[in-house]
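Dropping the structure in here first, questions after.
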């Protein structure tokens with residue numbers, strides 16, 4: 001029987017996220033992931049949603065409208081209990097609209113200076129939205145609990161990875177190699193559910 005290929009546009013220009021997505025979804029037979037780079041001229045999306053899910057939907061809808069193809073978008077936030085759940089949906093812009101990863105981490109460390117070790121609980125939350133060309137929408141969530149440490153450690157990963165230690169581990173995300181992070185991260189957990197969904201979809205089209 002002829003193999004069915006589902007094409008899905010990964011609606012991000014963040015090379016770190018693309019690498020993680022491809023590491024998890026790339027080996028699913030019958031699924032072909034396409035980068036936004038294949039579709040020049042797609043405008044940037046203003047991520048002004050009130051929740052991670054709203055931002056993911058804004059991005060995935062823009063990709064579908066621009067490409068006419070099934071698309072996938074993701075938004076992630078770091079929720080720190082001692083900061084009342086901040087930075088949350090503002091994680092990428094916590095230190096300002098043009099903030100770098102370094103700027104955002106520096107602001108978190110500054111705000112957490114006086115917080116004791118027992119009160120540094122946090123979690124990464126990731127929401128992945130999938131939209132069909134006809135507008136059908138599905139979303140998947142992944143959560144990774146952990147703690148915020150007092151100083152950066154490690155050179156891998158991106159964003160807040162150097163100061164986040166996942167629950168049950170002694171290493172930060174930045175001290176882990178890609179395969180290890182992809183077994184436990186918030187994004188990995190959401191994408192594993194996405195992978196199951198695509199697997200069922202491919203099997204349905206082949207049956």
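Hey, among the residues in the range 170-180 that are surrounded by fewer than 19 Cβ atoms within 10 Å (Cβ to Cβ) and in a loop (DSSP other than H, G, I, E, B), which one's nearest to the chain's Cα centre (by Cα)? Lay out the reasoning, then the answer.
Applying the first criterion (surrounded by fewer than 19 Cβ atoms within 10 Å (Cβ to Cβ)) to the range 170-180 yields 170-171, 175, 177-180.
Right, trim to in a loop (DSSP other than H, G, I, E, B) and you get 170-171, 177.
Numbers: 170: 22, 171: 20, 177: 17 Å.
Here the answer is 177.
Looking at residue 20, is it assigned to a helix (DSSP H, G or I) and either free of Cβ contacts under 8 Å to residues at least 40 places away in the same chain or over 17 Å from the mean Cα position of the chain (by Cα) (or both)? Spell out the reasoning first.
On the way: assigned to a helix (DSSP H, G or I): yes; either free of Cβ contacts under 8 Å to residues at least 40 places away in the same chain or over 17 Å from the mean Cα position of the chain (by Cα) (or both): no.
In short, no.
Moving to a separate point now. Is one or more of the residues making up the range 102-120 within 22 Å of residue 57 (Cα to Cα), surrounded by 14 or more Cβ atoms within 10 Å (Cβ to Cβ) and in contact with a strand residue (DSSP E or B) (Cβ under 6 Å, 6 or more places away or on another chain)? If you could, list the steps in order and put the result at the bottom.
So in the range 102-120, the residues within 22 Å of residue 57 (Cα to Cα) come out as none.
No, the range 102-120 contains no residue that is within 22 Å of residue 57 (Cα to Cα), surrounded by 14 or more Cβ atoms within 10 Å (Cβ to Cβ) and in contact with a strand residue (DSSP E or B) (Cβ under 6 Å, 6 or more places away or on another chain).
With respect to residue 205, is the statement that it is within 28 Å of residue 11 (Cα to Cα), touching a residue at least 40 places away in the same chain (Cβ under 8 Å), under 17 Å from the mean Cα position of the chain (by Cα) and not in a loop (DSSP other than H, G, I, E, B) true? If you could, list the steps in order and put the result at the bottom.
Numbers: within 28 Å of residue 11 (Cα to Cα): yes; touching a residue at least 40 places away in the same chain (Cβ under 8 Å): yes; under 17 Å from the mean Cα position of the chain (by Cα): no; not in a loop (DSSP other than H, G, I, E, B): yes.
No.
Give 129, 82 a once-over and let me know the one that is over 17 Å from residue 157 (Cβ atoms), in contact with a helix residue (DSSP H, G or I) (Cβ under 8 Å, 6 or more places away or on another chain), modelled with pLDDT of 95 or more and part of a helix (DSSP H, G or I).
On the way: 129 fails: part of a helix (DSSP H, G or I).
Among 129, 82, only 82 is over 17 Å from residue 157 (Cβ atoms), in contact with a helix residue (DSSP H, G or I) (Cβ under 8 Å, 6 or more places away or on another chain), modelled with pLDDT of 95 or more and part of a helix (DSSP H, G or I).
So which residues in the range 126-141 are within 19 Å of residue 92 (Cα to Cα) and surrounded by fewer than 22 Cβ atoms within 10 Å (Cβ to Cβ), if there are any at all?
As a first pass, look at the range 126-141 and keep what is within 19 Å of residue 92 (Cα to Cα): 126-129, 141.
Answer for the range 126-141, where residues must be within 19 Å of residue 92 (Cα to Cα) and surrounded by fewer than 22 Cβ atoms within 10 Å (Cβ to Cβ): just 141.
Separate question: Could you tell me whether any residue of the range 104-119 is in a strand (DSSP E or B) and in contact with a helix residue (DSSP H, G or I) (Cβ under 8 Å, 6 or more places away or on another chain)?
Let us first name the residues in the range 104-119 that are in a strand (DSSP E or B), namely none.
Among the residues of the range 104-119, not one is in a strand (DSSP E or B) and in contact with a helix residue (DSSP H, G or I) (Cβ under 8 Å, 6 or more places away or on another chain), which makes the answer no.
So, residue 167, is that one touching a strand residue (DSSP E or B) at 6+ places or on another chain (Cβ under 6 Å), exposed (fewer than 15 other Cβ atoms within 10 Å of the Cβ), closer than 21 Å to residue 91 by Cα and modelled with pLDDT of 95 or more or not? Break it down into steps so the answer makes sense when it comes.
Values: touching a strand residue (DSSP E or B) at 6+ places or on another chain (Cβ under 6 Å): yes; exposed (fewer than 15 other Cβ atoms within 10 Å of the Cβ): yes; closer than 21 Å to residue 91 by Cα: yes; modelled with pLDDT of 95 or more: yes.
Judged against the criteria, residue 167 is a match.
Matching residues to (1) at pLDDT 95 or above; (2) within 27 Å of residue 203 (Cα to Cα); (3) assigned to a strand (DSSP E or B):
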residue: 32; (1), (2), (3): no, yes, yes
residue: 41; (1), (2), (3): no, no, no
residue: 45; (1), (2), (3): no, no, no
residue: 56; (1), (2), (3): yes, yes, no
residue: 64; (1), (2), (3): yes, yes, no
residue: 69; (1), (2), (3): yes, yes, no
residue: 75; (1), (2), (3): yes, no, yes
residue: 78; (1), (2), (3): yes, no, yes
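Could I ask something else about it? Taking residue 37 as meeting all but one of (1) touching a residue at least 12 places away in the same chain (Cβ under 8 Å); (2) in a loop (DSSP other than H, G, I, E, B); (3) surrounded by fewer than 16 Cβ atoms within 10 Å (Cβ to Cβ), write down the number of the exception.
For residue 37, the failing item is (2).
More than 30 Å from residue 69 (Cα to Cα), free of Cβ contacts under 8 Å to residues at least 12 places away in the same chain and out of contact with any helix residue (DSSP H, G or I) (no Cβ under 7 Å at 6 or more places or on another chain): which single residue out of 177, 134, 170 fits that description?
On the way: 177 fails: free of Cβ contacts under 8 Å to residues at least 12 places away in the same chain; 134 fails: more than 30 Å from residue 69 (Cα to Cα).
Answer to the check: 170.
The values are calculated or read from the model by the stated rules, or taken from the named source; none is laboratory data. Note that this is a predicted model, so its numbers are computed, not measured. Every residue, glycine among them, receives a Cβ derived from its backbone with ideal geometry; neighbour counts consider all protein chains shown.
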